[in-house]
Amino acid sequence: MSERGYRPMGAYAKSKRANIVFAQELARRLGGSAHRALAVHPGSAVTNLQRHTFTRRMGRLLVALAARTLMGPADGAAWPSLYAATHPDAANGAFIGPAGRDQTSGTPKPAPLPVGAGSPDLGAWLWRESERLTGVTFPALQA
């Protein structure tokens, strides 16, 4: 929640991890229904997000160099979402990302979950906290 300190990229990373944990919990709650919950990551794409990561000139130059050599194009970042929405093998609970070097870009495929992201205990806690913080509950999806 970044209550004791805020760093933009740290908060971004935490939010992305929470998305994965939440999707895993939703997949568990959907169980054997006809619906699926998947998590998708776009890899690393060259967007305006990198422009605001560093304030010093050297940092911006390093990001520009990394972007040219390690990151994919912004339009390629949509591929994992399209795969998740349309591929018949995209199973409930799957985590989809680019298959290229370090999962930064490339053709989408199922990717390994980050360590601990599939924990049922963590997922149940995040679900309860989300309900508490937002005041929104989903009675049909209660564990």
### Query
So what J values fall out for segment 111-126 if you push phi through Karplus, 6.51 cos²θ - 1.76 cosθ + 1.60 with θ = phi - 60°, rounded to Hz, Gly and Pro as x?
10, x, 5, x, 3, x, 5, x, 5, x, 5, 5, x, 5, 4, 4
## Note on the structure
Given backbone amide H placed at 1.01 Å from N, residues whose amide H is under 5 Å from that of Val40, ignoring those fewer than 5 places away on the same chain, are Ile96
### Task
Evaluate E = 1/(1 + (r/R0)^6) for Leu61 and Ser33, where r is the Cβ-Cβ distance and R0 equals 35 Å; express this FRET efficiency to the nearest 0.05.
0.10
### Summary
Dividing the helical contributions, -39500 (n - 2.57) per DSSP H run of n ≥ 4, by the residues of the chain yields a 222 nm value, nearest 500 deg cm²/dmol, of -13500 deg cm²/dmol
### Task
Grab the Cα-Cα distance for Ala85 and Arg7, subtract it from 0.36 nm times how many residues apart they are, and report the gain in nm with one decimal.
24.9 nm
### Task
Write down, largest first, the equivalent ellipsoid semi-axes of segment 8-141 in whole Å, where each equals the square root of 5 times an eigenvalue of the alpha-carbon gyration tensor.
30, 20, 11
### Query
When the Cα centres of segment 72-143 and segment 4-25 are compared, how far apart do they sit, in Å?
12
#### Entry: Segment Ser15-Leu133, extension gain: residue separation times 0.36 nm, minus the distance between their alpha carbons
41.0 nm
### Task
Report the local net charge at Leu141: Lys and Arg +1, Asp and Glu -1, summed over other residues whose C-beta lies under 14 Å from its C-beta.
+2
### Query
Under the Karplus relation 6.51 cos²θ - 1.76 cosθ + 1.60, θ = phi - 60°, what is the ordered set of whole-Hz ³J(HN,Hα) values for segment 26-36, x standing for Gly and Pro?
4, 4, 4, 5, 6, x, x, 6, 7, 9, 10
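Values quoted throughout were computed directly from the atomic coordinates according to the rules given, and no laboratory measurement underlies them. Predicted, not measured: the structure shown is a model, and the values here were computed from it. Cβ atoms come from the backbone with ideal geometry, glycine included; neighbour counts cover every protein chain shown.
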